[in-house]
1. May I ask for the angle, rounded to the nearest 10°, between helix A:112-121 and the longest principal axis of chain A, with both axes built from Cα atoms and the value confined to 0 to 90°?
2. Which residue, chosen from B:Val180, B:Val214, A:Ser49, occupies the Cα position most advanced towards the positive end of the dipole of the protein assembly as shown, where the dipole is computed from +1 (Lys, Arg) and -1 (Asp, Glu) charges on Cβ about the Cα centre?
3. Nearest 0.05, what FRET efficiency do B:Ala241 and A:Arg133 give at R0 = 41 Å with Cβ-Cβ as r?
4. Across the Cα atoms of chain A, what radius of gyration and what greatest pairwise Cα-Cα distance (Dmax) are found, in Å?
5. Using modelled backbone amide H atoms (1.01 Å from N, in-plane), which distant-in-sequence or interchain residues come within less than 5 Å of A:Ser123's amide H?
6. Scan around A:Glu211 for amide H atoms under 5 Å from its own, H built in the peptide plane at 1.01 Å from N, and keep only partners 5 or more places away or cross-chain.
7. Can you give the charge dipole size of region B:9-253 about its Cα centre, rounded to the nearest 20 debye, using +1 on the beta carbon of Lys and Arg and -1 on the beta carbon of Asp and Glu?
8. Counting only protein heavy atoms and using a 1.4 Å probe, what share of the accessible area of region B:9-253 belongs to carbon plus sulfur, as a whole percent?
Amino acid sequence: MATVLDIRGLTKTYASGLTALKPVTLAIEEGEIFALLGPNGAGKTTLISIVCGIVTPSAGSVTVGGFDVSRDYRAARALIGLVPQELATDSYETVWATTTHSRGLFGRPPDRAYVERTLRSLSLWDKRDARIRTLSGGMKRRVMIAKALVHEPRVLFLDEPTAGVDVELRRDMWALVRELREDGVTIILTTHYIEEAEEMADRVGVISRGELILVEEKHTLMRKLGQKHLVLHLHAPLTELPAALSRWDLALDADGQLLEYRFDTRAEHNDIAALLRGLDELGITYADLHTEQSSLEDIFVDLVASREAHA
Amino acid sequence: MNGVARFNHHGVWAIYKFEMGRTLRTLLQSIATPVITTSLYFVVFGSAIGGRMANVDGVPYGAFIVPGLIMLAVLTESLSNASFAIYLPKFTGTIYELLSAPLSPFEIVLAYVGAATTKSLLLGLLILATARLFVPLEIAHPVWMLAFLLLTAVAFCLFGFVLGIWANGWEQLQFVPMLVITPLTFLGGSFYSINMLPPTWQTVALFNPVVYLVSGFRWSFFDKGDVAVGVSLAFVSGFLAVCLLMVWWIFRSGYRLKT
Ligand SMILES: Nc1ncnc2c1ncn2[C@@H]1O[C@H](COP(=O)(O)OP(=O)(O)OP(=O)(O)O)[C@@H](O)[C@H]1O
Ligand SMILES: [Mg+2]
């Protein structure tokens, strides 16, 4: 697949002296859904804003569809759709007017049918003559998405599209993203909802303090870092781990009531059986047991935490 | 890749239409207010005072003040329209779309300043038509009249554009028109010929840029001005060039547009 977004050695130091991006290098393939995760202030919005021409980079280069965003900005920007994090709309315009306006701004000839289709796909058709200020927050967000899609972009940036959005709209949004992907649109989204990245993304990037600390295919990431936990609720608390069980990676909680076994999902399953047999032989009995799989969120929190510890 | 034109005329047209639409929505403010104000000026200055005034430079006072009044309205409206037009998206945050659109700085300025200039020209002509209801008027150099009107409108719309980008708050947006432009306009010979001032003040008046604008514009009506028409023309053109330079610099440096 071809690279549609190529970011090389991109840095940004704001006038305040704050470095929001250390050199970031990232290549996004055409047609993929890429989720950018990171805590508040990590630099996600800064990165997106530079690609879209809203923030000037301090160093580095960005190309979109092979066009340099500063030298060939016209060609590059025509390919990009942006839904920014902050709600910003022209309150007194109607939904229809603001959407056709956006299409024109991006150099597209008028196309009523296309605008209609876009509005319909976002359930905005009934509201087409409503002034934006009369819409609810969620509806306004739909309007912003319509504005970003109406000029038929090939690369779509969704900066926290589901922040403060109800379940229904979030589901709609996911459906829309899948539809767009069917059409070959590349989507880069930032989110704080890990399940969103888990659900949607092909690849995940984690950014922390302006550094891209990890870029991985989601499944690989889950497999590589994903661990399962087997938790046993003991009948009688243990004061310490029996030496006979040292070959397993075990942990006891403070009360000695819960015994936790962490194992790699790739490890052989009879390991668990062996552990249970070992417990049996030692006469340790348990009332209940269950397993948990670590989610992307656990991975993410671990990653960021370990980074912060090293920093 | 999709065909990317050398000139984004759809984009320019979109902004122009958007801005003109905003005017229509606020028609009362944009057009009615200046027209009413001007009519009041005529009632007060033209009729009440003018009746007691001798001719100025051989022109009846009521007619004499027409070019000045038009200039006054065009200057202030150009400034406030153009500055507001670009300040508003900065204020509401919708400027993100403008900055991320495939538009060159020239196209952005063309669209915004073009729309603001259109409004100013319409306003100027509307005031002229209103004035005709009060006083009989003949225009000696109609083409020059339009040229002066256009040049002034473009220059002050550009200046307004710069002001709107510079302003970081509503107070700042009001500050320049209130504290700088309004006094300059009132002291700019709109209601009198600077020849009527004492000699010292005549010299001071020559440092007032508005004097040159009003004088040139008045020349196009009555074939007479306070200063030579060439000087007026050179002045307006010079001011236009300075505004263009400021706009060019703003886009080059991203000043107060991009962080
Ligand atoms: N215009 C600006 N001037 C100065 N500093 C800025 C500016 N914009 C952002 N920053 C700083 O840059 C850093 C990165 O901000 P950015 O908005 O990119 O983070 P983010 O990852 O999008 O965070 P969030 O999840 O909260 O949206 C932050 O420390 C922020 O305070
Ligand atoms: Mg952000």
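The values are calculated or read from the model by the stated rules, or taken from the named source; none is laboratory data. Quick caveat: nothing in here was measured; it's all calculated off a predicted structure. Here Cβ is always computed from backbone atoms with ideal geometry, including for glycine, and neighbour counts include all displayed protein chains. Keep in mind that these areas ignore ligands, DNA and RNA; they rest on the heavy atoms of the full protein, side chains included. Shrake-Rupley method; radii C 1.70, N 1.55, O 1.52, S 1.80 Å.
1. 20 degrees
2. Sorting the options by dipole projection puts first B:Val214.
3. Values: r = 41 Å, r/R0 = 0.99.
So the FRET efficiency works out to roughly 0.50.
4. 24.4, 78
5. HN-HN under 5 Å from A:Ser123: empty list.
6. Under 5 Å from the amide H of A:Glu211: A:Lys22.
7. Numbers: 10 positive and 9 negative charges, 46 e Å.
The dipole of region B:9-253 has a size of about 220 debye.
8. On the way: 7870 of 10750 Å².
For region B:9-253, the apolar C and S fraction of the accessible surface comes to 73 percent.
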